[in-house]
Amino acid sequence: MFSQPFAIPAVLLFLAAIPLALGLIPRNRFYGFRIRKTLADDRVWYSINRFAGAAIILASLVYAAVAIMWPYSKSASDNFVIWLIHLAGFALPLLIGLVLAGLYARRL
């Protein structure tokens with residue numbers, strides 16, 4: 001699994017998102033979904049960071065599924081296409097999740 005192009009960043013994001021999803025990280029300026037609204041109110045901080053943490057965990061799991069379904073091999077003839085599939089499987093769910101967290105933040 002770690003031979004896949006985005007496996008290590010996906011695992012690191014997964015591990016970093018667990019405390020956010022569990023609501024274990026207090027309001028701070030270094031770690032979490034930090035916008036003016038979250039930094040001003042603990043209730044908003046925990047709500048949005050739980051949402052964002054869950055979104056990042058889900059995005060990491062989506063990438064794991066992509067890596068299993070389309071394994072990357074440096075020696076394969078279509079390795080660039082597979083790499084692009086891995087990039088999309090890593091970046092798109094992450095981006096969608098963070099955009100949804102931002103939209104959720106606007107509703108609070």
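The values are calculated or read from the model by the stated rules, or taken from the named source; none is laboratory data. Just so it is clear, the model here is predicted, and its values are computed rather than measured. Counting neighbours? That spans all protein chains shown, and the Cβs are built from the backbone with ideal geometry, glycine included.
Some notes on this structure:
- The single condition among (1) surrounded by 15 or more Cβ atoms within 10 Å (Cβ to Cβ); (2) part of a helix (DSSP H, G or I) that TYR72 does not satisfy is (2).
- Flag if ALA7 is of a type outside the set (Phe, Trp, Tyr) and at pLDDT 95 or above: no
- Entry remark, the stretch 25-41: residues being among the hydroxyl-bearing types (Ser, Thr, Tyr) and touching a residue at least 40 places away in the same chain (Cβ under 8 Å) number 1 in total.
- Checking ARG106 against (1) of a type outside the set (A, V, I, L, M); (2) assigned to a loop (DSSP other than H, G, I, E, B); (3) over 16 Å from ALA7 (Cβ atoms), the condition it does not meet: (2)
- Filter result for ALA105 (modelled with pLDDT of 95 or more and not aromatic (Phe, Trp, Tyr)): no
- Qualifying residue in the stretch 26-42 (condition: of a type in the set (A, V, I, L, M) and crowded, with 17+ Cβ neighbours inside 10 Å): no
- When VAL62, VAL44, VAL66 are checked against the criterion of being more than 18 Å from ALA17 (Cα to Cα), assigned to a helix (DSSP H, G or I), under 20 Å from the mean Cα position of the chain (by Cα) and in contact (Cβ under 8 Å) with a residue 24 or more places away in the chain, VAL66 stands alone in meeting it.
- Among residues that are under 11 Å from the mean Cα position of the chain (by Cα), buried (at least 18 other Cβ atoms within 10 Å of the Cβ), closer than 15 Å to ALA101 by Cα and not polar (S, T, N, Q), GLY53 is included.
- Those residues of the stretch 90-108 which are surrounded by 15 or more Cβ atoms within 10 Å (Cβ to Cβ) and without any contact (Cβ under 8 Å) to a residue 40 or more places away in the chain, in sequence order: PRO93
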